[in-house]
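What follows is one structure encoded as structure tokens, with my remarks underneath.
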Amino acid sequence: MPIFDMSYWDDPESLHKFYQRWEKIHKRGAAFFVLLWGGLVAGVLPFALVTCWDVLVGHEQMDAFVLSTFAFFWLVSGIFSGAMYWHLQERRYMRAKKLEDSISGNQPG
């Protein structure tokens, strides 16, 4: 038995729900998603939380160079995470789109 059960990826009902939700996100485009969710949510937000924690607890005294280096690292890693997540979700979206097309009879020809 696998550690993570991925059968929901192929379940028609969950693919249909995913397709409806991701289609709205897909229309905005990859750049918007990667910058918003990757850059801000997975990059800048954790950076701000970790930096505030360090300042409040008093573990580190950081100068501008260290802060800017950490900010750059968090931003780049967040954008990378957003791009990877976009890629994985696009693969699932294409699978769901094929299922939707086959159900509705709109097969490309």
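Neighbour counts of other C-beta atoms within 10 Å: give me ASP11, ASP63 arranged from fewest to most.
Numbers: ASP11 11, ASP63 8.
Least crowded to most crowded, the residues run ASP63, ASP11.
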Extension gain (nm, one decimal) between ALA71 and TRP53, 0.36 nm per residue minus Cα-Cα: 5.0 nm
Tilt relative to the chain, helix 45-57 - C-alpha long axis, 0 to 90 degrees, to 10: 30 degrees
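Remind me, relative contact order of region 28-97 in percent, using alpha carbon pairs under 8 angstrom and six or more residues apart?
On the way: 51 pairs, mean separation 37.5, N = 70.
Taking the mean separation of contacting Cα pairs over the length of region 28-97, I get 54 percent.
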Fewest-first ranking of SER81, SER104, SER14, using other Cβ atoms within 10 Å as the exposure measure: SER104, SER14, SER81
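Which value in Å is the Kirkwood Rh of the chain over different Cα pairs? Could you put the intermediate results ahead of the total?
Working: mean 1/r = 0.0607 Å⁻¹.
By the Kirkwood definition, the hydrodynamic radius is 16.5 Å.
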PHE32 versus SER104: modelled label distance in nm, points set 7 Å from Cα along the beta carbon direction: 1.9 nm
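Tell me the mean residue ellipticity at 222 nm calculated for the chain from its helices only (DSSP H runs of n ≥ 4, each -39500 (n - 2.57), averaged over every residue, nearest 500). Write out the running numbers ahead of the final one.
Values: 4 runs with 75 residues, N = 109.
After summing the helix terms and dividing by the residues of the chain, the value is -23500 deg cm²/dmol.
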Label-point separation in nm, ASP63 to LYS97, each point 7 Å along Cα→Cβ: 5.1 nm
Residues HIS87, HIS16 arranged by fewest to most Cβ contacts within 10 Å: HIS87, HIS16
Using alpha-carbon coordinates, inclination of helix 12-28 to the longest axis of the chain, degrees: 60 degrees
Helix 64-104 axis, angle to the chain major axis (alpha carbon atoms, nearest 10°): 10 degrees
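Read-outs throughout are calculated quantities, based only on the coordinates presented, and are distinct from any laboratory measurement. Every value quoted in this text rests on a predicted model; they were computed, and no experiment measured them. Heads up, the Cβs are rebuilt from the backbone with ideal geometry, glycines too, and the neighbour counts pull from every protein chain shown.
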